[in-house]
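Working notes, beginning with the structure itself.
All of the numbers you see were taken from the coordinates with simple rules; none came from a lab. Model, not experiment: these values are computed from the prediction. Methodologically, a virtual Cβ is constructed for each residue, glycine included, from the backbone with ideal geometry; neighbour enumeration extends over all protein chains shown.
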Amino acid sequence: MEIYLEDIIGGGWTLIWLTQKEFESTLTELPNNKNTVFPNYNNDEGTDCFQQNEPPKYVKLFERENDPNTGRKLEDCPYEEDENAYIDMDSEKGEELKLRDRFWGKTHFGGTANPVQATPEFSPYYIEFEEGFGNSNMGGGNGQIDLLNNELDWAQ
């Protein structure tokens, strides 16, 4: 199943959900650039499957022990007096809990986010990844995909 997403600046993204059988099967052959709509297409800017033919890289997820934000919806400016509110890693409470030291820069599902700009208002069911995700060059920053609502945020 494919789900097409667009980021805030109009960049296109696709989530491709595989069945277990598809995931465990052999890799699909890469296209031959002689048999495409644009034969011998040459892209000097960015990446494409004809010039960056590298084996797939799997995402390494990190377990987060004792993350106080597990199961909490992301919030940009949480009401800190509410004991059930999301705890921003750079807030006073986040600093007390050393959230930045414990969780910064590690691909994960849910919990404390590492946004570079504003925190997206996502469900607790999201994946967050660093620029190295899929060997992309996205200009720096972190991305989050809300798996419940099929939304994407990328920030530099």
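Worth pointing out:
- Ranking of F103, F23, F62 by count of other Cβ atoms within 10 Å, fewest first: F23, F62, F103
- Fewest-first ranking of L74, L27, L148, using other Cβ atoms within 10 Å as the exposure measure: L27, L148, L74
- Counted by neighbouring Cβ atoms within 10 Å, the residues I8, I87, I16 run from fewest to most as I16, I8, I87.
- Neighbourhood charge, 12 Å Cβ-Cβ cut-off, centred on T70 and excluding it, Lys, Arg +1 and Asp, Glu -1: 0
- Residue pairs exceeding 23 angstrom between C-alpha atoms, taken from K73/K93; K21/K106; K60/K93: K21/K106; K60/K93.
- Two-site FRET efficiency, D76 against N150, from Cβ-Cβ distance with R₀ of 22 Å, rounded to 0.05: 0.65
- Environment charge at F122 (Cβ cut-off 9 Å; Lys +1, Arg +1, Asp -1, Glu -1): -3
- Additional length obtainable on full extension of the chain from V116 to S91, 0.36 nm per residue less Cα span: 7.6 nm
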